Amino acid sequence: MKRAVPLLMLFATACASERVEYRYRNPLSDRAKDEVDHTLPDGTRVVYRDRPAVAAGKYGPAEVATPSDGASVQVVGATDGSGPELELRIEHADGTIELRAFTPAQVIAHLQNAIRNREYPPFYGQMLTKEARKEWDARGGEPAFAAWMDEQRSAVMEFLNRTSYGMFSSDVVTRATGPKTIELQLTPHLHGQFKFEAIEFERQQGGMRLRALR
């Protein structure tokens, strides 16, 4: 009889349903590298999946599809895990796109997406500092900005990719240039390998904005 208790406990544990929370990774968040499967203190297993792309630059609904083979799995909280206030790209029902960025890495991700998909209007209207947009307005506005980005497409993307990869290494120097401004600059040993060497950001209107690319 003394052995019956452990056996019954083992049997009950094996039959208990597993609590799993499925979440989508945010494709534009610099937190994505930390969004890996893990188990919460209460035993809930959090499983991350890549949000399926339904069109260029667009992603499927925020709700995660429940696995069809999980009869003993209890699915809860099927969201992208970021919360509405941290959603970096919001596609509204009327077709407008809202962009948000709180770090230089997020601004870079938005710019890469804009160049890759030639989706410049949202970035131009929302991700440039007021001063940068004023300068571009004087040069022809968003069409001029788009034309310049298309002309410099390869050079800009090469620089942005290198900066993103080296952001947390000795290849990129990050420094505050003012109370609300930040500059990322390639280290001297990389100068000459890229057409652009630095990118500047400024915190405005509660978010991070692109100030200059040089």
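In table form, for the structure just shown:
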item: Selection from the range 175-214 of residues that are among the basic types (Lys, Arg) and part of a strand (DSSP E or B); result: Arg175, Arg203, Arg209, Arg211
item: Among residues of the range 178-190, those that are surrounded by 14 or more Cβ atoms within 10 Å (Cβ to Cβ) and of a type outside the set (A, V, I, L, M), counted; result: 4
item: In the range 76-126, residue farthest from Arg203 (Cα to Cα) [restricted to those that are assigned to a helix (DSSP H, G or I) and at pLDDT below 90]; result: Pro84
item: Subset of the range 136-146 [surrounded by fewer than 13 Cβ atoms within 10 Å (Cβ to Cβ) and of a type in the set (A, V, I, L, M)]; result: Ala138
item: Flag for Thr129 being among the polar types (S, T, N, Q) and at pLDDT below 95; result: no
item: Residue in the range 163-174 that is in the same structural domain as Val107 (by TED's automatic domain parsing), β-branched (Val, Ile, Thr), over 19 Å from the mean Cα position of the chain (by Cα) and surrounded by fewer than 16 Cβ atoms within 10 Å (Cβ to Cβ) present; result: yes
item: Residue within the range 177-190 that is out of contact with any Gly (no Cβ under 9 Å at 6 or more places or on another chain) and at pLDDT below 90 present; result: yes
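The values are calculated or read from the model by the stated rules, or taken from the named source; none is laboratory data. Small disclaimer: the values here were computed from a predicted structure and weren't measured. When we count neighbours, we look across all protein chains shown, and the Cβ atoms used for this are built from the backbone with ideal geometry, even at glycine.
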